[in-house]
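Before any comments, here is the structure.
The values are calculated or read from the model by the stated rules, or taken from the named source; none is laboratory data. Everything numeric in this text was worked out from a predicted model, so none of it was measured. Here the Cβ positions follow ideal geometry from the backbone for every residue, glycine too, while neighbour counts run over all protein chains shown.
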């Protein structure tokens, strides 16, 4: 009962925080509304004591607002309800893991670190992170706010512990397109096909081929941008699996092979555009643009007459449902940190900010239409799309490193989602599979395979 009551108090407090502004370097005052003792009466003395709730945050970006910016909803909750604060230790993106190691080894102080592919499980065997299970009560795991994320959270369980607690799904991979272009080419609206349950690899390939073959001599492509990782994920199968106690190399899985051959077929038909695109090309030379959701607003902005829309990546023909390639928003608890409770409290604030309908409008990306945003929200709903976490991407640089963007310097996972599209590997899928299997099996030995 106390937890449910406190949850309501936190949400009520958070609803009043959207206008709170705190400038970097300035003294952060508390809104009188959110410091009302009625709203914070369930906060314990330990949680509201600043010395116990100061987090040392090591990253390449600051969670505190910059000059003139508003505090995030999560930070405002953490400061005003929990009496917390975040001390930022700046590091360059390429140096952040080295900085983390140094601070841990020298006991200089580090509590919280941003999750990315390299964090897990590699960071666990490197003894960079602690499990968050002892702090589930502080995170409110039994308060209902995590219910729709339970399956996602459990997909990260490692040896019975949870080092990654995703509080939201980030940047689901989408296919951006122009309805104007589709109409001019006599093609059906992909979003309509999706809503009718007709959006799969076969429909996708058919549309790309029709677009290309309508004018074979023109500079026309079916797809540009990020593609391979999302097609692999759409099968619902992973290259590296984990059964709770041991890892498996699934590179011989027939569904993985189908995805690889789909990539190879796309390249062979000259449908794949192998150059960098920052957004959907306004010259309409490319039918689909694959990328994370972050590019959708820019695509809409730069092609205002194109009637820009997006769809999820098509479903694999044999898949039982839509599987999603995406990122995950999470914070890691640094090894030996004495502030586990404070980090857990901050994670709970992030979850409240990400899940409450009160802040839905605040989460809407810039330049995104209401229709586009409705799709993005749908993609973030685990009851409608199943996020796929492939352990292989978090197993070190031999597995996940783009290097100089060539076959020899990429990690095994990167070559599996890229090499057959770009054509920079010798031979067939079978040869690529055999070469990557050697690397995967060697790396899995580090995890006791």
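Quick notes on this one:
- Per-region count, the range 434-449, residues modelled with pLDDT of 95 or more, farther than 21 Å from residue 257 by Cβ and in contact with a strand residue (DSSP E or B) (Cβ under 8 Å, 6 or more places away or on another chain): 0
- Of all residues in the range 113-156, those satisfying the criterion of being surrounded by fewer than 15 Cβ atoms within 10 Å (Cβ to Cβ), within 18 Å of the chain's Cα centre (by Cα) and in contact (Cβ under 8 Å) with a residue 40 or more places away in the chain are 148, 151.
- Single residue of the range 317-339 satisfying the filter (touching a strand residue (DSSP E or B) at 6+ places or on another chain (Cβ under 7 Å) and assigned to a loop (DSSP other than H, G, I, E, B)) that is surrounded by the fewest Cβ atoms within 10 Å (Cβ to Cβ): 321
- Conditions (1) within 17 Å of residue 341 (Cα to Cα); (2) loosely packed, with under 15 Cβ neighbours inside 10 Å; number of the one not met by residue 95: (1)
- In this entry, residue 236 passes the filter for residues that are surrounded by fewer than 22 Cβ atoms within 10 Å (Cβ to Cβ), touching a strand residue (DSSP E or B) at 6+ places or on another chain (Cβ under 7 Å) and part of a loop (DSSP other than H, G, I, E, B).
- Residue within the range 426-433 that is surrounded by fewer than 16 Cβ atoms within 10 Å (Cβ to Cβ), in contact with a strand residue (DSSP E or B) (Cβ under 6 Å, 6 or more places away or on another chain), at negative phi and in a helix (DSSP H, G or I) present: no
- Under the condition of being within 19 Å of residue 290 (Cβ to Cβ) and either part of a loop (DSSP other than H, G, I, E, B) or at pLDDT below 95 (or both), the residues counted in the range 189-215 number 2.
- Check on residue 366, more than 18 Å from residue 165 (Cα to Cα) and in a strand (DSSP E or B): no
- Odd one out for residue 257, checked against (1) assigned to a helix (DSSP H, G or I); (2) closer than 27 Å to residue 215 by Cα; (3) over 19 Å from the mean Cα position of the chain (by Cα): (2)
- Among residues of the range 251-267 that are in contact (Cβ under 8 Å) with a residue 60 or more places away in the chain and assigned by TED's automatic domain parsing to the domain that holds residue 412, those with a beta-carbon under 6 Å from a residue that is assigned to a loop (DSSP other than H, G, I, E, B) and surrounded by fewer than 17 Cβ atoms within 10 Å (Cβ to Cβ) at least six positions away or on a different chain give the pairs 267/423.
- Residue 351 meets all of the listed conditions (1) part of a helix (DSSP H, G or I); (2) in contact (Cβ under 8 Å) with a residue 60 or more places away in the chain; (3) more than 30 Å from residue 125 (Cβ to Cβ) but one, namely (3).
- Segments classed as helices (runs of 4 or more DSSP H), wholly inside the range 65-179, with at least 1 members that are within 30 Å of residue 236 (Cα to Cα): 122-125, 136-139, 150-154
- Residue selection: residue 222 satisfies the criterion of being surrounded by 17 or more Cβ atoms within 10 Å (Cβ to Cβ), under 27 Å from the mean Cα position of the chain (by Cα) and not in a loop (DSSP other than H, G, I, E, B).
Residues checked against (1) free of Cβ contacts under 8 Å to residues at least 40 places away in the same chain; (2) under 30 Å from residue 85 (Cβ atoms); (3) outside the structural domain of residue 108 (by TED's automatic domain parsing); (4) crowded, with 17+ Cβ neighbours inside 10 Å:
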position	(1), (2), (3), (4)
378	yes, no, yes, no
411	yes, no, yes, yes
417	no, no, yes, yes
443	no, no, yes, yes
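- Consider the range 102-112 and keep the residues that are farther than 22 Å from residue 350 by Cα and surrounded by 16 or more Cβ atoms within 10 Å (Cβ to Cβ). The one that is modelled with the lowest pLDDT is 109.
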